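One structure below.
The values are calculated or read from the model by the stated rules, or taken from the named source; none is laboratory data. As the structure is a computational prediction, the values presented were derived from the model and not from experiment. Cβ placement follows ideal geometry from the backbone for every residue including glycine, while neighbour counts extend to all protein chains displayed.
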Amino acid sequence: MDIHALKNIVKFVSVIGVALSLFLFSAIVVGWIYHEDMSAFLMFDAGLFLFNAIPFLLLRGHTMKLSIKGGILSVNLIWILLGVAGAIPLLLYTHVTPADAFFESISGFTTTGATIYTDIESLPKAILYLRSLTHWLGGMGIIVLGVGLFSLINPSGSMALFKAESTGIKMEKITPKVKDTALRLWGVYLLFTVLDAIALKMSGMTVFDAVNHAFSTISTGGFSTKNASLGYYHSDLIIWITTFFMLISGINFLAHLKFLSTGDSGGYKREEVLVYLLIFVVLSLLLSSVDMFFDHDTVFHGFTHSFFTIASVLTTTGFATLNYEQWGPIAVSIIFIAMLVGGNAGSTAGGVKVIRYIVLFKNLALQMKKTLHPSAIIGVFIDGQKISGQIISSTTGFIFLFIMTNMFVTLYLFARGFDALTAISTALATVGNIGPGFSLTGPAHNYAFFADVDKVILSFAMIIGRLEFYTVFLLFSRSFWKKF
């Protein structure tokens with residue numbers, strides 16, 4: 001790596017570090033409001049600010065131009081540093097091990113929502129807010145925020161970072177400049193967060209709980225301020241409000257941006273969105289039927305908790321209102337299907353994403369047609385546009401990496417002595433950034449029982465899933481480091 005490339009990475013990482021320290025200061029303010037001792041947190045945050053501000057100032061005259069390789073390396077490095085930075089306040093204010101703190105921090109920033117805390121309500125308010133804040137920053141992607149901040153530095157490397165962080169299959173810009181698109185996306189993100197917080201406050205939550213749950217909902221994260229998650233409130237209105245905001249957060253935010261900017265609702269009519277909504281409705285109705293048949297619940301109660309549960313799992317949020325494992329094996333099977341799907345590309349949701357399944361199944365249908373009609377000239381079309389062979393190959397590769405990563409984590413956990421359902425669902429819950437799994441990591445449990453080495457491995461599984469495999473596994477390619 002030459003010195004110019006190194007300066008590019010250091011300068012960008014320092015900008016993200018400065019931005020993070022400013023956001024973390026809001027957690028200190030929350031602590032002060034609730035009369036908590038924030039002196040240690042303040043010293044850490046000041047140190048984090050200086051640690052990043054100094055290299056940025058030293059490189060202020062350096063013209064930064066990140067290549068795709070530089071962007072990929074920066075993204076990986078930043079997610080490790082985020083985990084460390086988010087872990088330190090947890091070490092300072094709660095009785096956890098470094099592995100615990102790193103796991104919780106990574107779970108927050110990757111919007112997984114898996115927790116090692118057994119008594120959440122005993123945590124300081126500043127820490128509860130910090131956990132939700134990590135969700136909110138990680139949801140849209142702190143790198144996207146960094147792309148927006150390039151207007152303060154040099155915008156030439158924006159596309160490289162946007163490609164490295166973006167969860168979509170195809171890069172799409174609403175405005176000519178990527179940084180403008182990134183900032184507008186954050187505007188929509190903030191608007192949804194405020195609307196959700198207001199709705200939750202009007203439904204009976206305190207301001208503190210409303211803000212924290214809005215952070216977790218719009219980011220599809222899942223951290224709650226209550227041990228029983230949203231089940232604590234016993235409010236159907238809160239459940240339906242959260243279901244709605246989880247569902248729209250699982251839709252490509254570019255569709256929201258188009259609609260709010262120009263009134264163009266075309267983004268909501270795309271094939272991926274329609275299939276996503278169809279899957280949600282079908283799985284919710286199936287789960288409702290199972291609930292009403294076996295538990296003899298009322299139609300409204302069955303619909304309320306079933307639609308909420310499917311929205312929570314499908315969008316990889318991970319909130320819970322009750323222990324859905326008690327609904328029986330058929331219900332578990334339905335929920336497991338939702339875990340495998342995920343939300344839309346370009347949303348805050350994790351998982352495989354609906355668009356990849358559309359590409360995969362259409363390509364399978366295409367191959368069958370070619371078998372019957374070898375000389376036919378046909379292709380894969382989505383929304384009336386032909387999908388290139390490169391996208392099909394990339395999608396197939398993604399599915400393969402998703403399966404292999406889940407298989408590795410599953411076999412590791414199984415070898416460690418955990419039962420098959422715990423191993424399989426925990427792998428899927430961490431790699432897919434979902435949070436709760438089944439059995440020992442089900443909605444009524446947490447991840448505290450894992451050994452420190454398990455938590456570290458699961459933390460990296462969350463990062464790999466959040467960065468969608470290629471961005472991480474490319475680092476192990478010899479060609480990546482050639483002529484860097």
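The table that follows gives values for the structure above.
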{"item": "Selection status of HIS256, touching a Ser or Thr at 6+ places or on another chain (Cβ under 7 Å) and assigned to a helix (DSSP H, G or I)", "result": "no"}
{"item": "Pick from the range 451-474, criterion acidic (Asp, Glu) and over 23 Å from THR348 (Cα atoms), ranking: farthest from the chain's Cα centre (by Cα)", "result": "ASP452"}
{"item": "Residue match in the range 359-375 (condition: within 28 Å of TYR470 (Cβ to Cβ), surrounded by 22 or more Cβ atoms within 10 Å (Cβ to Cβ) and in contact with a helix residue (DSSP H, G or I) (Cβ under 7 Å, 6 or more places away or on another chain))", "result": "yes"}
{"item": "Among (1) touching a residue at least 12 places away in the same chain (Cβ under 8 Å); (2) under 25 Å from the mean Cα position of the chain (by Cα), the one test that PHE361 misses", "result": "(1)"}
{"item": "Where a residue in the range 458-484 is within 21 Å of PHE109 (Cα to Cα) and its partner, wherever it lies, is assigned to a loop (DSSP other than H, G, I, E, B) and of a type in the set (A, V, I, L, M), with Cβ under 9 Å and at least six apart", "result": "LEU458/ALA114; MET462/ALA114"}
{"item": "Answer residue from the range 207-227, given it is part of a helix (DSSP H, G or I) and among the hydrophobic types (A, V, I, L, M, F, W, C) and is nearest to ALA126 (Cα to Cα) among those", "result": "PHE208"}
{"item": "Filtered residues of the range 430-444 (kept if of a type outside the set (S, T, N, Q) and farther than 18 Å from PRO329 by Cβ)", "result": "VAL431, GLY432, ILE434, GLY435"}
{"item": "Residue ID - modelled with the highest pLDDT, chosen from residues in the range 256-282 that are more than 21 Å from VAL359 (Cβ to Cβ) and buried (at least 16 other Cβ atoms within 10 Å of the Cβ)", "result": "HIS256"}
{"item": "Selection from the range 196-217 of residues that are in contact (Cβ under 8 Å) with a residue 12 or more places away in the chain and over 17 Å from LEU133 (Cβ atoms)", "result": "ILE198, ALA199, SER203, GLY204, MET205"}
{"item": "Selection within the range 176-208 - at pLDDT below 95, under 20 Å from the mean Cα position of the chain (by Cα), surrounded by 20 or more Cβ atoms within 10 Å (Cβ to Cβ) and among the charged types (D, E, K, R)", "result": "none"}
{"item": "Which numbered condition ILE116 misses (of (1) modelled with pLDDT of 95 or more; (2) out of contact with any helix residue (DSSP H, G or I) (no Cβ under 6 Å at 6 or more places or on another chain))", "result": "(2)"}
{"item": "Candidate set: the range 239-253, residues that are buried (at least 23 other Cβ atoms within 10 Å of the Cβ) and either assigned to a loop (DSSP other than H, G, I, E, B) or without any contact (Cβ under 8 Å) to a residue 40 or more places away in the chain (or both); chosen: the one nearest to the chain's Cα centre (by Cα)", "result": "GLY250"}
{"item": "When residues of the range 409-424 are limited to those that are surrounded by fewer than 15 Cβ atoms within 10 Å (Cβ to Cβ) and of a type in the set (A, V, I, L, M, F, W, C), the one farthest from the chain's Cα centre (by Cα)", "result": "ALA415"}
{"item": "In the range 239-270, the residues that are in contact with a helix residue (DSSP H, G or I) (Cβ under 6 Å, 6 or more places away or on another chain) and charged (D, E, K, R)", "result": "LYS258, ASP264"}
{"item": "Elements of type helices (runs of 4 or more DSSP H) in the range 366-483, at least 3 residues being modelled with pLDDT of 90 or more and of a type outside the set (Gly, Ala, Ser)", "result": "389-415, 420-431, 452-466"}
{"item": "Filter result for PHE308 (over 22 Å from the mean Cα position of the chain (by Cα), assigned to a helix (DSSP H, G or I) and under 21 Å from THR217 (Cα atoms))", "result": "no"}
{"item": "Test: residue in the range 282-301 that is of a type in the set (Val, Ile, Thr), assigned to a helix (DSSP H, G or I) and closer than 30 Å to LYS386 by Cβ", "result": "yes"}
{"item": "Spans of helices (runs of 4 or more DSSP H) in the range 16-122 with at least 2 residues in contact (Cβ under 8 Å) with a residue 12 or more places away in the chain and surrounded by fewer than 18 Cβ atoms within 10 Å (Cβ to Cβ)", "result": "39-58, 68-93"}
{"item": "Qualifying positions in the range 8-28 - of a type outside the set (A, V, I, L, M, F, W, C) and at pLDDT 85 or above", "result": "LYS11, SER14, GLY17, SER21, SER26"}
{"item": "Boolean, VAL341 is closer than 27 Å to LYS362 by Cα, touching a Phe, Trp or Tyr at 6+ places or on another chain (Cβ under 9 Å) and either among the hydroxyl-bearing types (Ser, Thr, Tyr) or crowded, with 19+ Cβ neighbours inside 10 Å (or both)", "result": "yes"}
{"item": "Of all residues in the range 455-482 being among the small types (Gly, Ala, Ser) and surrounded by fewer than 22 Cβ atoms within 10 Å (Cβ to Cβ), the one that is farthest from VAL75 (Cα to Cα)", "result": "SER479"}
{"item": "Verdict on GLY231 being at pLDDT below 95, in a loop (DSSP other than H, G, I, E, B) and closer than 23 Å to GLU121 by Cβ", "result": "no"}
{"item": "Candidate set: the range 302-322, residues that are in contact (Cβ under 8 Å) with a residue 24 or more places away in the chain and out of contact with any Gly (no Cβ under 7 Å at 6 or more places or on another chain); chosen: the one surrounded by the fewest Cβ atoms within 10 Å (Cβ to Cβ)", "result": "THR304"}
{"item": "Where THR395 falls short, out of the listed (1) surrounded by 16 or more Cβ atoms within 10 Å (Cβ to Cβ); (2) under 24 Å from LYS269 (Cα atoms); (3) of a type outside the set (A, V, I, L, M, F, W, C); (4) touching an Asp or Glu at 6+ places or on another chain (Cβ under 9 Å)", "result": "(4)"}
